[in-house]
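Here is the structure we will look at.
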Amino acid sequence: MPLMTFKTPERVCWNDDSSGLTFFVVAKPDCTAKWRATPTMPLDEVVNSPDVFSFNSDAGISRTATADELQAAFKTADLSAVVRSILSAGAVKCKTFELEVESQTTTAMNAASNVANVASSAATTALDGVKGYLSSFW
């Protein structure tokens, strides 16, 4: 069966031991390695968003990092400088998965067929109801 391979965006993470936060950026698939080889590559070609996120493992919450958190961890609140630091030294996390195209297509076609059958049945029931209602006037 034919397989299609998909990759999730890369999450490039850097841990700040002093605050206990993990800072991360979301990069396009396979772009972190390209950027590391050519650091002059524009950041908008590498990251999905210019935002830097922080994750607190104790609370289990990810959110956009505050300027104070960035200043404390990176000694700057300049987002592009922080993104470059994370891309340079961060660990890349990405998932690759494969789907069987035929089974996915069959599943989608079966679902569409079921929806069409339900809609057809509902329309027939509605028409029968309208016919019954109208016949009550004659």
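The values are calculated or read from the model by the stated rules, or taken from the named source; none is laboratory data. In this text the structure is predicted, and so the values were computed from the model without any measurement. Positions of Cβ are backbone-derived with ideal geometry, glycine not excepted, and every protein chain shown enters the neighbour counts. Side chains are part of the model used for accessible areas, which takes the heavy atoms of the whole protein and leaves out ligands, DNA and RNA. Shrake-Rupley method; radii C 1.70, N 1.55, O 1.52, S 1.80 Å.
Things to note:
- Failed item in (1) touching a residue at least 24 places away in the same chain (Cβ under 8 Å); (2) within 15 Å of V82 (Cα to Cα); (3) under 18 Å from the mean Cα position of the chain (by Cα), with D44 passing the rest: (1)
- Of the criteria (1) open to solvent by 70 Å² or more (accessible area, probe 1.4 Å); (2) in contact (Cβ under 8 Å) with a residue 60 or more places away in the chain, which one A27 fails: (1)
- Long-range neighbours under 8 Å by Cβ, at least six apart or interchain, first residue free of Cβ contacts under 8 Å to residues at least 24 places away in the same chain within region 50-65, second in a loop (DSSP other than H, G, I, E, B) and surrounded by 12 or more Cβ atoms within 10 Å (Cβ to Cβ): T64/D51; T64/V52
- Answer residue from region 1-24, given it is surrounded by 16 or more Cβ atoms within 10 Å (Cβ to Cβ) and β-branched (V, I, T) and is nearest to K95 (Cα to Cα) among those: V12
- Considering residues of region 32-65 that are open to solvent by 60 Å² or more (accessible area, probe 1.4 Å) and among the β-branched types (V, I, T) only, the residue modelled with the lowest pLDDT: I61
- Of all residues in region 84-99, those that are under 14 Å from K34 (Cα atoms) and open to solvent by 60 Å² or more (accessible area, probe 1.4 Å) have Cβ atoms under 9 Å from Cβ atoms of residues that are among the basic types (K, R) and not in a loop (DSSP other than H, G, I, E, B), 6 or more apart or on another chain, in S88/R36; V92/R11.
- Residue match in region 2-25 (condition: aromatic (F, W, Y) and over 13 Å from V83 (Cα atoms)): yes
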